[in-house]
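Inspection log for the structure reproduced underneath, given as structure tokens.
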Amino acid sequence: GRHRRESPPPGTYSPNFFHRGFLLHWIYILPAMPWNIKWLNGYSAHSSQSQKQCKKSSFAFYQAVRDQLPVWLLEDMRRMEAFHWQEGGKVSTYSPSEALLYALVHNHQPYTRYLLSKFPQSALAIPSLHFSCCHSSAPHLAMAVRYNRIHILLEILKAIRDFPVCDRAAYLDRRGCSRVEGGKTALHVACELSRPECLLLLLGNGASPCLSDCAGNTPLDLLLQQIWESPASNVRSRLLLLDSLFLFMPPGFHFAMKQQLLDDQQQWQDLLGKTRFQWLAGLAPASLFVRSMQVLIRTIAPDQFPEALDDLPLPHFLKPLDLKLKS
């Protein structure tokens, strides 16, 4: 009788507060869930009943994050009621890291802020194999770039400001899975998907533009390959990405595409413009404007980026990007 679909008592639930689709899960599915994780783990790994219970609770939690339900309710579910399968057939509640992945995918910004403020280390830790193909890296940073979650990316970058310097650098420059992502860093992803705001945020917070992926390509190489292969696509965004990279590239920067620039000089000059091409090809020094901007950008500490952009002694139209993110 406890699974009968009866209407809740008047005044028990507020339709204006709960999303109606989730309310059905709350009333009819969650009461049937196991309330003790030991109860579930007591079953055989192949128990169809425990697997069904996990699928129900896992899907309910996924829907709750997707439907932007309140943070307190999501945390109650995560800590007490939502379970998923781990490797080896074990049952587990969702970790802060795994919950952050759901919040990131569905752009649940309040839940993201809560997880990063309450669990700054564990929210950015490597999730279980149920959520990633390998344990080589935590995917949050690259996923924020891939989904173009600029506000969430900024929250992640703020959260790692309190990390030790070596840990912060290692996190920013962490490579993705070599089998699935080709060992790309978050900067590689930003160049590959034309995410200029994400790129500048990463660079300004200390991500290195010099690292290569498994194919030996730096972020600059990926960007130049895309400009060469699709010259008419996203021209403005790609040139903006290129200009942002210029501000953070060290002298004598080595990249694999340099010889191709020299082999097809006229075509590359038409694609990039004369000034950009000559500097990349090593035929001329950087312009006075670029060198001046490099000096100014270096005065901003990573833990003050992008807020300190407002203090640069430049007119607004000369600043790299509007990263106030108020809209």
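Only helices (runs of 4 or more DSSP H) wholly contained in the stretch 156-217 count here; list those with 1 or more residues that are of a type outside the set (Val, Ile, Thr), open to solvent by less than 60 Å² (accessible area, probe 1.4 Å) and within 19 Å of residue 105 (Cα to Cα).
Values: elements: 165-172, 186-192, 196-204.
Those helices (runs of 4 or more DSSP H) span 186-192, 196-204.
In the stretch 232-268, which residue that is in a loop (DSSP other than H, G, I, E, B) and within 26 Å of the chain's Cα centre (by Cα) is modelled with the highest pLDDT? The residue in question is 255. Among residues of the stretch 262-282 that are closer than 16 Å to residue 220 by Cβ, those with a beta-carbon under 8 Å from a residue that is of a type outside the set (A, V, I, L, M, F, W, C) and open to solvent by 90 Å² or more (accessible area, probe 1.4 Å) at least six positions away or on a different chain give the pairs 279/285. Each residue in the stretch 272-301 was checked for being in a helix (DSSP H, G or I) and open to solvent by 50 Å² or more (accessible area, probe 1.4 Å), and 11 pass.
The values are calculated or read from the model by the stated rules, or taken from the named source; none is laboratory data. This structure is a prediction, so every number in the text was calculated from the model and none was measured. We place every Cβ from the backbone using ideal geometry, glycine too, and count neighbours over all the protein chains shown. Only protein heavy atoms, including side chains, enter the accessible area calculation; ligands, DNA and RNA are left aside. Shrake-Rupley method; radii C 1.70, N 1.55, O 1.52, S 1.80 Å.
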